[in-house]
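J.: Structure below; questions to follow.
The values are calculated or read from the model by the stated rules, or taken from the named source; none is laboratory data. Not measured: the values here are computed from a predicted model. For neighbour counting, all protein chains shown are included, and Cβ atoms are generated from backbone atoms with ideal geometry for every residue, glycine included. To get the accessible areas, we keep the full protein, side chains included, count just its heavy atoms, and leave off ligands, DNA and RNA. Shrake-Rupley method; radii C 1.70, N 1.55, O 1.52, S 1.80 Å.
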Amino acid sequence: MKWYEFGNGPLRALKVLLESPLDFDPVDYIDRTFGSNVGEVDPNTLHLAHFYNDVRKGLFPKISAVSFFLANSLNVDINNHRTAALPLSHELSKDVNISGKVSESLLVKTCDSVNMQIDRLLESFGVDGCSGKTLRSELNDFISFYFFSEALFFVLVGMAVVEFDDDRIIVKPESQERVKELHRKWFANYWEQLSSMASIAYFDLLPKGADKDKNFNQIISLFGQGLRDKIFSIPADELPGKLNRLESVQWISKICNLAALCMWCQLKNNMNCAPYELIEKLGISGSDIDQLMSLVKKRSQPDRVFSKNAKGVKIENSSITNQLRIIINDIANLISENKLNQLLGNFFEKEYVSEYFLRDELRDKYKVHPGILAHEIEGNDFKPDVDFILEDSRRNVFYFIQVKYLRIGGKAYISGDLEHLVSGKLSKGISQLVDAEKAMNCGKLWKPLNKRGLHNCNKDNSFFLLIHNVSNFDFCVWPSGIVSYEWNSVRNLFKDGEINFGHSKSSPSHWKHNQPLPVERPDDLINFLMNNGPAAQRGGASSLFETDNVVVRTRFGNTDFLCYGMGL
């Protein structure tokens, strides 16, 4: 997405738009961002900015009561929505007959969208959660406005355009290229869900009643190690001693073991929670649970991954990856172990990823060569930094790889994108790879490549990849053309897509392609995965991009506001 390479100033301003929409003035943002070039801005975008301000100012007199109505409201679902007129609706843009099943799916999307805006309101206004019996109609205008802020975001970053048509405002993708960018992001989210479900499927191998087995604790710990590897990119037995000794790393193991136990109890045994007696057997004390819950309660409702009652602890959401990362970051801050991210980052960037490809099962397919640094390039025109070069022996292809480990924690989707982009670490990695590619195209990598014995490496069979630990930028093509993947995805892709998946009362399914996958071409790769492997076998993938045909409708006074195909 082209806004991924915006400067820090515009990115920080756009964070305000998503986090505190009532504090954001888009007219001022446009003036400051474009300055003397403001004449280049689409007049419809300026018109939309003024309309946004009019709606925003109209809500000011009602702000003082929002916290009360939020605390006494209720999230909506398909069973309780009829008790309130929802401020948003999802419809199909195409003129087709809608079956009952499609109608219900659209209603589910509407409920999800309304709840997402409620979650944003809770965070903006610092309200712990909703405890009412119905959605308060007094919140409808604010829910619509918060939805408006997301649509405005896409317009301001060039992902969408706006049209005014009598009493309607229409927001839609700016071009087919923007649609492709959205598809990559939707697929990345879908792939993350498949990966999460694969983690859950493993628990089918542990039957009901297994807690009576003398080895039960060790087995749960193995499942916990699997979660630790997936969520935090920390392998089971490969950490240096200085990392293993960190209190926060010990906490990571405790929390992943607790999550594994809760999953087994709740998802595979239909238990309400993981009993305290089983938790204590894992070496997790009552004071550990109290400390954990004190941090969980400080989080907004969607991020409260654990809850406890008189009998034990339960997981509130089986899609736990981001929430657990947030909690661990809170724990590291609480115990003042600020070096956690630095030490984990050094291990991930300098050891773990490159050495992973030296394993026996990959040794015949790939060769790892030393990276390239700026001092190896003649002149001062380029400052490349390549951590290592991965040679695919089967295809005669070379991947120039830069590895970045971003701090644990962060938000999901667009807000998470902004949070990580503002840190500048990803942008630095991209610029280092861009310089490496430019040096390659200018012939300035010839000498360092020859020193490594890579005589058949050239610009036609070389590709530049950024590998990181954040799912927000998975299957991503940056404006510069650099491709990036999240580590959990890319290591499966380099093993010819090998993945275990499933979520049933049977053993996990296994899939692997019979030849290398085109990792360097995400669009071709997505198309292949949509029609083969777990995505095709599990079902649902075929409808993933049907969001293109969905329009979200809301209303401001006498004006209909419609957003086409943006996934909101």
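J.: Say R0 is 30 Å: what FRET efficiency, to the nearest 0.05, do residue 175 and residue 498 get from their beta-carbon distance?
T.: So, using R0 = 30 Å, E works out to roughly 0.25.
J.: Once label points are set 7 Å from the Cα along Cα→Cβ at both residue 166 and residue 363, what is their separation, rounded to one decimal in nm?
T.: It works out to 7.3 nm between the two label points.
J.: Specify, per residue and in Å³, the volume enclosed by the convex hull of the alpha carbon atoms belonging to the range 341-532. The partial results should precede the final answer.
T.: Numbers: hull volume 28.3 nm³, N = 192.
Convex hull volume per residue, Cα atoms: 148 Å³.
J.: Multiply the residue gap between residue 31 and residue 92 by 0.36 nm, knock off their C-alpha separation, and tell me the result in nm, one decimal place.
T.: 18.4 nm
J.: Using the Cβ atoms and a cut-off under 9 Å, what net charge is assigned to the surroundings of residue 374, where Lys and Arg are +1 and Asp and Glu are -1? All intermediate terms of the calculation are to be shown ahead of the outcome.
T.: On the way: positive: 383; negative: 376, 385, 435.
Net local charge, residue 374 excluded: -2.
J.: Then there is this: Kirkwood Rh, the chain, all Cα pairs: how many Å? Provide the component values of the computation, followed by the final result.
T.: Working: mean 1/r = 0.0389 Å⁻¹.
The Cα-based Kirkwood calculation yields 25.7 Å.
J.: Using R₀ = 35 Å, calculate the FRET efficiency as 1/(1 + (r/R₀)^6) where r is the Cβ-Cβ separation of residue 456 and residue 509; round to 0.05.
T.: The value I calculate is 0.35.
J.: Let me ask something else about it. Within the set of other residues whose C-beta is less than 12 Å from the C-beta of residue 45, count the net charge using Lys and Arg as +1 and Asp and Glu as -1.
T.: Result for the local shell: -4.
J.: Only residues of the range 169-189 count here: report those whose backbone N is under 13 Å from the spot 7 Å along Cα→Cβ of residue 560, or say none.
T.: In the range 169-189, the label zone of residue 560 (backbone N under 13 Å from the point 7 Å along Cα→Cβ) covers 169-171.
J.: Checking the table 230/404; 350/451; 172/425; 339/365; 268/298 against a 25 Å threshold on Cα-Cα, which pairs fail?
T.: Cα-Cα > 25 Å for 172/425; 339/365; 268/298; rest within.
J.: Using only Cα atoms, locate the centre of the range 222-278 and the centre of the range 106-154, then give the distance between them in Å, rounded to an integer.
T.: The two parts, judged by their Cα centres, are 33 Å apart.
J.: Positive end of the dipole of the chain, charges at C-beta (+1 Lys, Arg; -1 Asp, Glu), about the Cα centre: which of 432, 352, 107 has its Cα farthest in that direction?
T.: Toward the positive end, the furthest listed residue is 352.
J.: So what is the relative contact order of the chain, in percent, for Cα pairs below 8 Å that sit 6 or more residues apart? Walk me through the numbers before you get to the answer.
T.: Working: 845 pairs, mean separation 98.8, N = 568.
Reported relative contact order: 17 percent.
J.: Probe radius 1.4 Å, ligands and nucleic acids ignored: give me the carbon and sulfur share of the accessible area of the range 341-532 as a rounded percent.
T.: Its accessible area is 46 percent carbon and sulfur atoms.
J.: For the chain, what is the mean residue ellipticity at 222 nm derived from helices alone (per DSSP H run of n ≥ 4: -39500 (n - 2.57); sum divided by total residues; nearest 500 deg cm²/dmol)?
T.: Calculated at 222 nm, the ellipticity per residue is -14500 deg cm²/dmol.
J.: So how do 127-134, 46-53, 30-37, 144-151 stack up, highest first, on mean other-Cβ count within 10 Å?
T.: So the order, starting with the most tightly packed, is 144-151, 46-53, 127-134, 30-37.
J.: Please give the charge dipole size of the range 341-532, origin at the Cα centre, charges +1 on K and R Cβ atoms and -1 on D and E Cβ atoms. Round to the nearest 20 debye. Walk me through the numbers on the way to the answer.
T.: Details: 24 positive and 25 negative charges, 40 e Å.
That gives the range 341-532 a dipole magnitude of about 200 debye.
J.: Then there is this: How much accessible area per residue does the chain have, in Å², with a 1.4 Å probe?
T.: Values: 24750 Å² over 568 residues.
Per residue, the chain has an accessible area of 44 Å².
J.: With charges set only on the Cβ (+1 for Lys and Arg, -1 for Asp and Glu), what does the dipole of the chain come to about its Cα centre, in debye to the nearest 20?
T.: Roughly 1420 debye for the chain.
J.: Mind grabbing the base-10 log of I(q)/I(0) for the range 392-485 at q = 0.10, 0.21, 0.26 Å⁻¹? Debye formula, identical points on the C-alpha positions, no solvent, two decimal places.
T.: -0.31, -1.02, -1.37
J.: Assuming R0 = 56 Å, can you tell me the calculated FRET efficiency for the pair residue 309 and residue 106, based on Cβ-Cβ distance, to the nearest 0.05?
T.: Values: r = 35 Å, r/R0 = 0.63.
So, using R0 = 56 Å, E works out to roughly 0.95.
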